[in-house]
Amino acid sequence: MAATLCGKLLLRQGWQPVTQSVRHGSKAVTRHRKPMHFLKQKLMAVTEYVPPKPPKAPRRRTDLSVRQTQEDSGLVVLWKKQVKATFQDCKMIAVVQNNSSTTEDMILLKHRLHRHGITIKFFPNQVMKAYLADSQYSNLEPLFIGPTVLFVSKEPKVKEMLQSLRSAPQMVLLGACIENTLLSQQGVVNYSKLPSLPTVQGQVVSRLALQTSQTAAMLQRHPAHLSALLQQYVKQKEEEGTPVDSSSKAEMTSV
């Protein structure tokens, strides 16, 4: 009762209560961000700015050489000694590229080459390049790229090597060093067509003997011709009845 009277009196006097906002349930969001079209996504990805990478500082050859000498193990030193001995003892060293030959093919090729005194040696390319860089065979260094092997022999047996390579098409000849002479693939083929050393020596000896015999015949030809002419002269004089001195006859016969 008191509350109703108090409320009526306050309303009559013009007093109003403090407004108070009451939060009701939030309204549903109707504006969502639309996904970007896939063509526009591709265009944005293609045209995205890619900053350039900072240039690397050039390495010094001295640092590389020092690092290489420090990292050389006992096995690498042994390989270098074997390579040096191979180039000193063998007259034929051929560089052949191995294009994924099987173990069976390699064994058959070794057997064919072993008949002619040719052996196959395997050395890492890094070891070969390290040795060739400071040697007189430095032009062979570009050939050692990828899997390579060496065909070596103490005597230059080029024909036998080429015949054995015909049965192994996966082995490709790149070049060779024959008797301290660097040859390309075509140069090795041309070298194989040359005659052997005994044949050349026989041809030289026969030609020299023929020249000496021709020289001796030419030297003997003029005295013999002169003697024949003098004898014919004496015969003509005797037929004519003209006396000829005995001393002149003796000189003619001696000639």
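Since every read-out is calculated from the coordinates, none of them should be taken as a lab result. A quick note: this is a predicted structure, and the numbers were derived from the prediction, not measured. Positions of Cβ are generated from backbone atoms using ideal geometry, with glycine treated the same way; all protein chains shown enter the neighbour counts.
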Checklist outcome for this item: Residues of segment 120-159 with backbone N under 12 Å of the label point set 7 Å from the Cα of Lys81 along Cα→Cβ are none
Checklist outcome for this item: Simple spin-label estimate for Gln126/Ala216, 7 Å along Cα→Cβ, in nm, reads 6.9 nm
Checklist outcome for this item: Burial-style ranking of 150-156, 34-40, average other-beta-carbon count within 10 Å with highest first, yields 150-156, 34-40
Next on the checklist: So the label point goes 7 Å from the Cα of Tyr137 along Cα→C-beta, right? Which residues of segment 179-195 then have their backbone N under 16 Å from it?
Outcome noted: 179-185, 188
Checklist entry - Between Leu197 and Lys56, what FRET efficiency follows from the Cβ-Cβ distance if R0 is 41 Å, with the result rounded to 0.05? => result 0.15
